[in-house]
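Peer 1: Mind looking over this structure? Questions follow.
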Amino acid sequence: MEYNFTAIEERAKQFWEANEVYKVTQIADKPKYYVLDMFPYPSGAGLHVGHPLGYIASDIYARFKRLKGFNVLHPMGFDAFGLPAEQYAIKTGQHPAITTEKNIDTYKKQLAKVGFSYDWSREVSTCDPNYYKWTQWVFLQLYKSWYNKDKDKAEAIDSLMAHFKQNGNTNLNAACSDEQETFTAEQWATMSEAEQQNTLMNYRLAYQSFATVNWCPELGTVLANDEVKDGLSERGGHPVVRKQMKQWSLRITAYSQRLLDGLETLDWSLSMKEQQRNWIGRSEGATVFFQLADGSGNIEVFTTRPDTIFGATFMVLAPEHELIEKITTEAQKAEIDQYIAYVKSRSDIERQAEKKVTGAFTGTYAINPLNNEKIPIWISEYVLIGYGTGAIMAVPSDDDRDNAFAEKFELPIIDVIDKSDYPGATRHDKLGKMINSGFINGMEVPDAIKATIAKIEEMNIGQGKINYRQRDAGYSRQRYWGEPFPIIYKNDIPYPVAESELPVELPAVDSYKPTGTGEGPLAQNKDWVNVADGGVRETDTMPGYAGSSWYYLRYMDPKNEEQLVGKEALAYWQNVDFYLGGTEHAVGHLLYSRFWFKFLRDRGFIDTPTDEPFQKLVNQGMIQGRSNFVYRVKGTNQFVSYGLRKKYETTPLHVNVNIVKNDILDTEAFRKSSPDYADAEFILEENGTYVCGWEIEKMSKSKYNVVNPDEIVAEYGADCFRMFEMFLGPLEAGKPWDTKGIEGVSKFLKRFWRLFKISENGQPQLSDAKPTDAELKTLHKTIKKVTGDVERLAFNTGVSAFMVCVNELIALKCDKRAILEPLVILLAPFAPFTTEELWQSLGNEGSVHQTTYPVHNEAFIKEDSYQYPIRIGKKVRTKIAFPVQATQAEVEPAVLANEVVAQWIGDKPVKRFVFVQGRIINIVI
RNA sequence: GCCCUUGUAGCCCAAUGGCAGAGGCGACAGUUUUAGAAACUGUACAGUGCUGGUUCGAGUCCAGCCAAGGGUACCA
């Protein structure tokens, strides 16, 4: 019987569903294994062939682990809140809930075609009120918590209030907003309700503040730092400007050090950890106060190079620095105002695109505290208000930017480091001996740093400090399609909604458009906004990362109405053993999830052995598109083939890859593809074909290089699609999709099928005879190779091992059940449909996916003798067979006596005889 | 600029420091066929981006450079 994958897939799907083959329950006596895919945002465009790559890999792994005896949790869900649905709603008036549901449905249908072993009864969707109830609940817990730095963990806000009552905020080591002033217990007691709440707000882990935010006018919302790339919004590419707004934020900076330290324990790729480290951006240095020359105040700076302080010949403030107004002299006021206006006129993109040296002098001086020199105070856009203290001591001799600034504005430069002992060292290297630097003269840089910090601490003008680049995470979005905040304002003071009233459901609105005033669409619905006792609801919604920061916990216990995850379920599943997803979430999702996990654990809401949610993380590479081009002769409707294009002046145009086969254009289809091309003429190659150019690019609609998995599955079958995706290359590497290679995998599956000699009535015609040594060797070699490959996620070489195996068995004319049946199980994780059909046609009860994985027997693989390559000089000269267990002493005389060997050695003395058992013999002469 | 990853046949990719090739695509030749397709058999094609180093032995380890992809950036 022919290999009919469509019928096979239908039967398998029905069988799996009827028998709940992928249903997961907790089984106490089986070891657990949690395989997780990053859940997708269900976009309207559906899946392209790039999306399932990771899902297929994790599915193979999950199926493998199941066959190996693990109880595997392998769920799927949807990150369903988000901007595209809302923007579609603005355009069409359709409620995002409806389009989202439709898109989820499309995704699930597409996923079903590929044959994943998800337990859909555990599906979660972040926009489901039963789910976001718990997202809101976590927010409330963050709101009701503060970070105790002494204990290095989050605590309930009650303990903070008790401390305030007793001691005010003295003797308190807490993560706190910068602007918080000290107060006593008495002061706390006399504070008004509003003052007390404002004070507490400076300590809460979810807090509201008046902050400079990334405001995107086009989207009408605020964005988090990681949602802004190059001054443009990540979604949509709209300009982003800085704006002061009242915003909710999460105090993730309280966890910076723990997020950094935790990386050490994780089995993640180096680059992933590095990205998180860079994002957190820890730097060690010192803060130092510089007095103003007139004694009217001081300026605090952060520096990583306190050793260079004797070379600080001027100071620079960020243009947004609050002191500027106060210290600017009358004479310089006009210049400073003009400069600030100039800076404001420049967008982030302009600032980054052209880095001009610009600045203005305030007219005021400060005193360098270590050499008592009077130094001018400038302002410049190269100093950022958001980093450190927004002010620097400028050391032009040891910093490139300060140097450029000093040269342009003719400010003094004092060399403070003699690098002559370190040839090739640059300003960035912390190397050299101090000069012109008073008490640290002659010290090496690292010693000078320590000595200077000690000195400024002794002088009481500063201290050693660790600074983090990471900012608190903005948590407000002026959008509709997100989780509403469980917050009600009374007299402008925010109060949490009672936990018993969760979820605060998203109400209907008339329009999804941003209001433009900075308020989100929810503000329009007055019935919802105004609550009974005069309170007003928060009208912002939560950001995309809210729902995705904890979804992996919900899969463990998706229906629990009492808790976000039940104790028993958590105790069994603990955390994710293997997480697979794209690198694009390196600093967003993965950082927030780690933060939430640590927080929930600190507060005792979850109890797990470690405080990291994702032990092993693998990033699948991006599948790129392979675009095809036609070359239009300029000013004509003539198209010239690739090989001849240089003879003309041409414009390359993208052409739909679906009408190109092996780079040869279907010219008729091309003419039909657009009215513009209806009467196109072609200048062809000598053999009469039109050859297209090609390029590897991102897969996207606009490049006409999108390949839909549904079509591939329809044409080649799901198993072929799965195996081909894996065969493309190493999982983690980026690689282009090129459909033409798929024939090889398709042939393999047909050849594998044919081995079973399925008759017209569906019965395999196999022999029960004893297998030969050669057949056993092929089987056991393949088991060993494939098992190892799956374990190290080398699915591409695994597929190829199956190909080798089938080629060998065909050559051996093997039709033995004892050989072929174990292979069906071995192949099951890769080709779940075909193997299910074969397994059952072989007369087995139940699913092939619930049986036991075969184990290889080394005895069948072992050879008695080995052909040793004999290497003399740089090359292999001959091969001689020896028993595998032969030792050097036994082998050496025989080798030297060999005719060919003797000829190569001639009369030269043998300097060395290298014998590597089972590998090689190398004779050095 | 800095950080990470990757450079092997026309193409995609293999190769615990040990004979550069497992597999696939494509090409070519043949068997089969009225022809094509499919299937089968066979053939050709690189010395591993470049320059050094370590080693008995380097595609693999180390240093520098070049190229591509990704990340990040006036971060003091």
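The values are calculated or read from the model by the stated rules, or taken from the named source; none is laboratory data. What you see is a predicted model, and the numbers here were worked out from it, not measured in a lab. Cβ: placed from backbone, ideal geometry, glycine included. Neighbour counts: every protein chain shown. Just so you know, the surface numbers come from the protein's heavy atoms only, side chains and all, with ligands and any DNA or RNA stripped out. Shrake-Rupley method; radii C 1.70, N 1.55, O 1.52, S 1.80 Å.
Peer 1: Within the stretch A:567-579, track down each residue that is open to solvent by 10 Å² or more (accessible area, probe 1.4 Å) and either within 16 Å of RNA strand B (Cβ to nearest atom) or on the phi < 0 side of the Ramachandran plot (or both). Reasoning before the result, please.
Peer 2: At the first step, the residues of the stretch A:567-579 found to be open to solvent by 10 Å² or more (accessible area, probe 1.4 Å) are A:567-568, A:571-572, A:574-575, A:577.
Within the stretch A:567-579, A:Lys567, A:Glu568, A:Ala571, A:Tyr572, A:Asn575, A:Asp577 qualify.
Peer 1: Sticking with this one: Please specify each residue of the stretch A:98-132 satisfying the condition of being small (Gly, Ala, Ser) and closer than 14 Å to A:Lys559 by Cβ.
Peer 2: A:Ser121, A:Ser125, listed by residue number.
Peer 1: Select from the stretch A:677-732 the residues that are more than 31 Å from the chain's Cα centre (by Cα), farther than 19 Å from A:Ser641 by Cα and surrounded by fewer than 19 Cβ atoms within 10 Å (Cβ to Cβ) and list them in ascending order.
Peer 2: The answer is A:Ala714, A:Glu715.
Peer 1: Filter the stretch A:733-753 for residues that are in a helix (DSSP H, G or I), more than 8 Å from RNA strand B (Cβ to nearest atom) and either farther than 24 Å from A:Gly625 by Cα or not polar (S, T, N, Q) (or both) and give the result. Spell out the reasoning first.
Peer 2: Of the stretch A:733-753, the ones in a helix (DSSP H, G or I) are A:739-753.
Remaining after also requiring more than 8 Å from RNA strand B (Cβ to nearest atom): A:739, A:749, A:752-753.
Result: A:Leu749, A:Phe752, A:Trp753.
Peer 1: Here's a follow-up. Given the criteria part of a helix (DSSP H, G or I) and either within 15 Å of RNA strand B (Cβ to nearest atom) or of a type in the set (Asp, Glu) (or both), does A:Glu195 qualify? Break it down into steps so the answer makes sense when it comes.
Peer 2: On the way: part of a helix (DSSP H, G or I): yes; either within 15 Å of RNA strand B (Cβ to nearest atom) or of a type in the set (Asp, Glu) (or both): yes.
Yes; evaluated as a whole, the condition is true for this residue.
Peer 1: Can I ask one more? Please go through the stretch A:767-790 and give me each residue that is surrounded by fewer than 17 Cβ atoms within 10 Å (Cβ to Cβ) and within 13 Å of RNA strand B (Cβ to nearest atom), ordered by number.
Peer 2: Result: A:Gly788, single match.
Peer 1: Name the single residue, out of those in the stretch A:3-22 being closer than 15 Å to A:Ser841 by Cβ and assigned to a loop (DSSP other than H, G, I, E, B), that is most open to solvent (accessible area, probe 1.4 Å).
Peer 2: By that ranking, first place goes to A:Asn4.
Peer 1: Next question. Tell me, which strands (runs of 3 or more DSSP E) wholly within the stretch A:444-508 include 2 or more residues that are within 26 Å of the chain's Cα centre (by Cα)?
Peer 2: In the stretch A:444-508, A:462-468 are the strands (runs of 3 or more DSSP E) which contain 2 or more residues that are within 26 Å of the chain's Cα centre (by Cα).
Peer 1: State yes or no: is A:Gly582 surrounded by fewer than 18 Cβ atoms within 10 Å (Cβ to Cβ) and within 16 Å of RNA strand B (Cβ to nearest atom)?
Peer 2: Judged against the criteria, A:Gly582 is a match.
Peer 1: Let me ask you something else. Which of the residues belonging to the stretch A:788-822 are of a type in the set (Val, Ile, Thr) and under 28 Å from the mean Cα position of the chain (by Cα)?
Peer 2: Those that are of a type in the set (Val, Ile, Thr) and under 28 Å from the mean Cα position of the chain (by Cα): A:Val790, A:Thr797, A:Val799.
Peer 1: Right, A:Phe81: over 30 Å from A:Tyr207 (Cβ atoms) and part of a loop (DSSP other than H, G, I, E, B) or not? So that I can check it myself, show each step before the final result.
Peer 2: Working: over 30 Å from A:Tyr207 (Cβ atoms): no; part of a loop (DSSP other than H, G, I, E, B): yes.
For A:Phe81, the condition - over 30 Å from A:Tyr207 (Cβ atoms) and part of a loop (DSSP other than H, G, I, E, B) - is not met.
Peer 1: Hey, another quick one. Looking at the stretch A:846-867, which of the residues that are of a type in the set (S, T, N, Q) and open to solvent by less than 80 Å² (accessible area, probe 1.4 Å) is farthest from RNA strand B (Cβ to nearest atom)?
Peer 2: A:Ser847
Peer 1: I need a count of the residues in the stretch A:109-147 that are under 25 Å from the mean Cα position of the chain (by Cα), open to solvent by 50 Å² or more (accessible area, probe 1.4 Å) and within 19 Å of A:Glu483 (Cα to Cα).
Peer 2: Number of matching residues: 2.
Peer 1: Tally the residues that are open to solvent by less than 10 Å² (accessible area, probe 1.4 Å) and assigned to a helix (DSSP H, G or I), restricting the search to the stretch A:275-290.
Peer 2: Result for the stretch A:275-290: 2.
Peer 1: Okay, moving on. Taking the stretch A:688-709 only, how many residues are under 14 Å from A:Leu53 (Cα atoms) and not in a loop (DSSP other than H, G, I, E, B)?
Peer 2: Counting residues in the stretch A:688-709 that are under 14 Å from A:Leu53 (Cα atoms) and not in a loop (DSSP other than H, G, I, E, B) gives 1.
Peer 1: Take A:Gly906 and tell me if it is of a type in the set (Gly, Ala, Ser) and within 14 Å of RNA strand B (Cβ to nearest atom).
Peer 2: Values: of a type in the set (Gly, Ala, Ser): yes; within 14 Å of RNA strand B (Cβ to nearest atom): no.
Against the criterion (of a type in the set (Gly, Ala, Ser) and within 14 Å of RNA strand B (Cβ to nearest atom)), A:Gly906 does not qualify.
Peer 1: Being open to solvent by less than 60 Å² (accessible area, probe 1.4 Å), over 30 Å from A:His51 (Cβ atoms) and aliphatic (A, V, I, L, M) is the requirement here; does A:Ile742 meet it?
Peer 2: no
Peer 1: Across the stretch A:392-423, what is the number of residues that are more than 10 Å from RNA strand B (Cβ to nearest atom) and either in a strand (DSSP E or B) or not hydroxyl-bearing (Ser, Thr, Tyr) (or both)?
Peer 2: So the count comes out to 18.
Peer 1: Any chance you could count how many residues in the stretch A:312-337 are surrounded by fewer than 17 Cβ atoms within 10 Å (Cβ to Cβ) and either touching a helix residue (DSSP H, G or I) at 6+ places or on another chain (Cβ under 6 Å) or among the basic types (Lys, Arg) (or both)?
Peer 2: Matching residues across the stretch A:312-337 total 2.
Peer 1: Looking at the stretch A:870-884, can you tell me whether even one residue there is more than 25 Å from A:Thr787 (Cβ to Cβ) and more than 15 Å from RNA strand B (Cβ to nearest atom)?
Peer 2: yes
Peer 1: Could I ask something else about it? When A:Tyr365 is evaluated against the numbered criteria (1) open to solvent by 20 Å² or more (accessible area, probe 1.4 Å); (2) outside any strand (DSSP E or B), which criterion, by number, is the only one it fails?
Peer 2: It is condition (2) that A:Tyr365 fails.
Peer 1: Take the residues in the stretch A:291-311 that are of a type in the set (A, V, I, L, M, F, W, C) and either touching a strand residue (DSSP E or B) at 6+ places or on another chain (Cβ under 6 Å) or open to solvent by 20 Å² or more (accessible area, probe 1.4 Å) (or both); name whichever of them is nearest to RNA strand B (Cβ to nearest atom).
Peer 2: It comes out as A:Phe302.
Peer 1: Being surrounded by fewer than 18 Cβ atoms within 10 Å (Cβ to Cβ), within 28 Å of A:Leu270 (Cβ to Cβ) and among the charged types (D, E, K, R) is the filter here, so list the residues in the stretch A:610-639 that pass it.
Peer 2: Correct list: A:Lys616 only.
Peer 1: So, one more: Please verify whether A:Val707 is under 15 Å from A:Pro736 (Cβ atoms) and either without any contact (Cβ under 8 Å) to a residue 60 or more places away in the chain or touching a helix residue (DSSP H, G or I) at 6+ places or on another chain (Cβ under 9 Å) (or both), treating the condition exactly as stated.
Peer 2: Taking the combined requirement at face value, the residue satisfies it.
Results for (1) touching a residue at least 12 places away in the same chain (Cβ under 8 Å); (2) over 18 Å from A:Glu483 (Cβ atoms), shown as yes or no for each residue.
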position: A:Gly535; (1), (2): yes, yes
position: A:Thr541; (1), (2): yes, no
position: A:Leu564; (1), (2): yes, no
position: A:Gly581; (1), (2): yes, yes
position: A:Leu591; (1), (2): yes, yes
position: A:Arg601; (1), (2): no, yes
position: A:Thr610; (1), (2): yes, yes
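Peer 1: If the requirement is being acidic (Asp, Glu), modelled with pLDDT under 90 and more than 27 Å from A:Ala473 (Cα to Cα), which of these qualifies: A:Glu354, A:Glu284?
Peer 2: None of the others qualify; the one that does is A:Glu354.
Peer 1: Any chance you could count how many residues in the stretch A:148-186 are open to solvent by less than 50 Å² (accessible area, probe 1.4 Å) and within 36 Å of the chain's Cα centre (by Cα)? Steps first, answer last, please.
Peer 2: Pass one, the stretch A:148-186, residues open to solvent by less than 50 Å² (accessible area, probe 1.4 Å): A:148, A:154-157, A:159-160, A:163-164, A:168-169, A:172, A:174-177, A:180, A:183, A:185.
Within this subset, residues satisfying the condition of being within 36 Å of the chain's Cα centre (by Cα) are A:148, A:154-157, A:160, A:174-177, A:180.
Here the count works out to 11.
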